[in-house]
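Read the structure below first, then the notes.
Please treat every number below as a calculation from the coordinates, not as lab data. It should be emphasised that the depicted structure is a prediction, and the values quoted were computed from it without experimental measurement. Neighbour counts are summed over all protein chains in view; Cβ atoms, including those assigned to glycine, are modelled from backbone coordinates with ideal geometry.
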Amino acid sequence: MSELTLTVMRLGFLAVLWLFVIVAVQVIRSDLFGTRVTQRAGRRAETAARPPQQRQQAAAQDRRAQQPAQNSRQRRGAPTKLVVSEGSLAGTTVALQGQTITLGRAHDSTIVLDDDYASSRHARIYPDRDGQWIVEDLGSTNGTYLDRNRLTTPTPVPLGAPIRIGKTVIELRK
Amino acid sequence: MSASNTTTITSIGAPNRRNTELALLVFAVAIPVFAYANVGLAKNDSVPAGLLGYGVGLGLLAAVAHLLVRKFAPYADPLMLPIATLLNGLGLVLIWRLDQEPSLGTAMAPKQLMWSTVGVALFIVVMVFLKDHRILQRYTYISMVVALALLIAPVFFPAVYGARIWITLPGIGSLQPGEFAKIIIAVFFAGYLMVKRDALALASRRVMGLYLPRGRDLGPILVIWALSLMILVFETDLGTSLLFFGLFVIMLYVATERTSWIVFGLLLSAAGAVAVASTEPHVKVRVTNWLHPLALEHGAVTETAQSRYAFGSGGLFGSGLGEGYSRLIGGIGSKSDYILATVGEELGLAGLMAVLLLYGLLIERGMRTALAARDPFGKLLAVGLSGGLALQVFVVAGGVTGLIPLTGMTMPFLAQGGSSVIANWALVAILLRISDTARRPAPSPAPSPDAEATQVVRNQ
């Protein structure tokens, strides 16, 4: 074998070996995963595309869901806090101290809802004279739901009953 | 708070990368085949006759492993299998190349190909039967007993080349239980530290910027230290001892985030190594060779110096495959312990660095798996396994290049040795299993049944 061929093979082999290393590093580069931070505008386009799917899935589960909804019987004892149990604000709690709580996208609301389906002044929750907490829809576009019923008049809120506004679910708890 | 700068954090799942893996695997099989042809052309002026058989053999192993990963671990890391295949293939070529030197004894390459097949078979067994790595957590203390038994067993067998790290089974041959103990001990450490790490991390006093653990929490590290010293004394093997203790210190550090453990570990291992090196004759010889490589020994310089001559004669780009003189390295280890010297001579600094980078990438993928894993046991196990691999590469490469005293360990996948290649394939399989679990997209939350009514956008 001529000296030249062997030299070419020697350098060629090194080149191929390094090419593998470089390709491997490129694979690592394209393999990054983790979390992505998006601006709110970007997220809106994304969520707008989602509802049809969710609607289908929700429709399929509609009948089964009827039973658990009846569990929310009214119990003794006054609620002490309001808890956001679902939606982008999930986990938020507000102590109930006899004040009126306003819900909506408006910035001066007690709970500012970052929810595409909420109106700016969506609903309010306030205690009546007996200390019973009342939820009232403030003429919102998509409505406020207590359990599965759309509110038309101010309605007393039982302990633990879900109040739904868009994707947000709020409950009163002890 | 203005609405315009509200941000949302969504998670991006790792994509399924099986096709990338396939492409890289084809590459990883082609490189050793090229090397094989290169050796044949350089040594015998002809393409070796076994080229087709060898290429098909390696390709089949890779294909079977890939198909099983596709089936059983579809989200696993795309790089580990190709890198392991490439290193194993390069190792086979280098062993075959050294077989061409009559002075180095019987041919080892067919045997190594057989062991590689067994290794891939074990890889497949682990892939198929280990559905979830957390099952291993149940065997925390059993694996401690098994690992100790494996580490202690070689004491009862005769020393081979001065070190008692072999078990000889009549009819089957000899195997190095330390290679398997490496995996099993990582399982034990992961299970143990997951439970105890709070006690080890939180109960401490701060002295001079270091968190000093309480005296009673020092118990485990002292026990492991004593055990690794006993390995050093009774098996006279620096490598196993260093691997065993180093693995514990790495995992302890990762579990507790306390730098003080590293400081303690380094102090303890330095003290132990110095004490044993000044008393134990076999270890003493190794240290003397390391400090004075050019001293004459049986009328020639030491093996340490000979391996450095090999690196020197290789230079930057190497002499070319099949054109080196690594047969001149005396002693017995030119196909196993000193295989890196052949790499350094025939592929030069450029090739050696590429090979070391391949190990680095494999270890990096292991650490990345640990970062991505969702359960603490999987995290610690992935760190332990890749840390063990890293320590082994360091001990061997450091020994051959003269950074630390030489010890009888094998370069994972590259060096000749059945136990090593089998155990490392199993190790890669466990890492792939953890990475499959870690990268599998999280199941999407079930849609709320009452969501429909409130989420209708009405046209006004």
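Label separation (B:Leu222 vs B:Val56): 6.3 nm, computed from points 7 Å beyond Cα along the C-beta direction.
Relative to the first principal axis of the alpha-carbon coordinates of chain B, what is the inclination of helix B:219-234, with its axis defined by its Cα atoms, in degrees from 0 to 90 and to the nearest 10? With both axes taken from Cα atoms, the answer is about 20 degrees. Ellipsoid fit via the Cα gyration tensor, region B:133-443: semi-axes of 33, 23, 20 Å, each the root of five times an eigenvalue, largest first.
Using only Cα atoms and rounding to the nearest 10 degrees, what angle (0 to 90) does helix B:303-314 make with the longest principal axis of chain B? On a 0 to 90 degree scale, this one is about 80. Among the listed pairs B:Lys43/B:Lys111; B:Lys71/B:Lys335; B:Lys182/B:Lys335; B:Lys182/B:Lys379, a Cα-Cα separation exceeding 25 Å is found for B:Lys71/B:Lys335.
What does the charge add up to near A:Asp108, with Lys and Arg as +1, Asp and Glu as -1, over the other residues with Cβ less than 14 Å from its Cβ? It works out to a net charge of +3. In this label model, A:Gln26 and A:Asp108 are separated by 6.0 nm, measuring between points 7 Å along each Cα→Cβ vector.
A Förster radius of 45 Å, combined with the Cβ-Cβ distance separating A:Gln99 from B:Asp198, puts the computed FRET efficiency at roughly 0.60.
Whole-Hz Karplus values for region A:136-152 come out as 9, 7, 9, x, 6, 6, 9, x, 10, 10, 10, 6, 10, 9, 6, 7, 10 Hz, taken residue by residue from phi with 6.51 cos²θ - 1.76 cosθ + 1.60 and θ = phi - 60°; glycine and proline positions read x.
Mean per-residue shielding of peptide B:73-79 is 2, counting Cβ atoms of other chains within 10 Å of each Cβ. In this structure, A:Arg150 and B:Leu67 have a Cβ-Cβ separation that, at R0 = 51 Å, corresponds to a calculated FRET efficiency of about 0.40. Which net charge results when you count Lys and Arg as +1 and Asp and Glu as -1 among the other residues whose beta-carbon is under 15 Å from that of B:Met230? Overall, the nearby charge balance is -2.
Between B:Phe234 and B:Leu148, the modelled labels are 1.1 nm apart [label points 7 Å from Cα along Cα→Cβ]. The share of alpha-carbon pairs in region B:81-139 lying farther apart than 18 Å comes to 51%. Across region B:133-443, the mean sequence separation of Cα contacts (distance under 8 Å, 6 or more residues apart), normalised by length, yields a relative contact order of 19 percent. At full extension, B:Val47 and B:Arg134 could sit 26.5 nm farther apart than now, given 0.36 nm per residue minus the alpha carbon distance.
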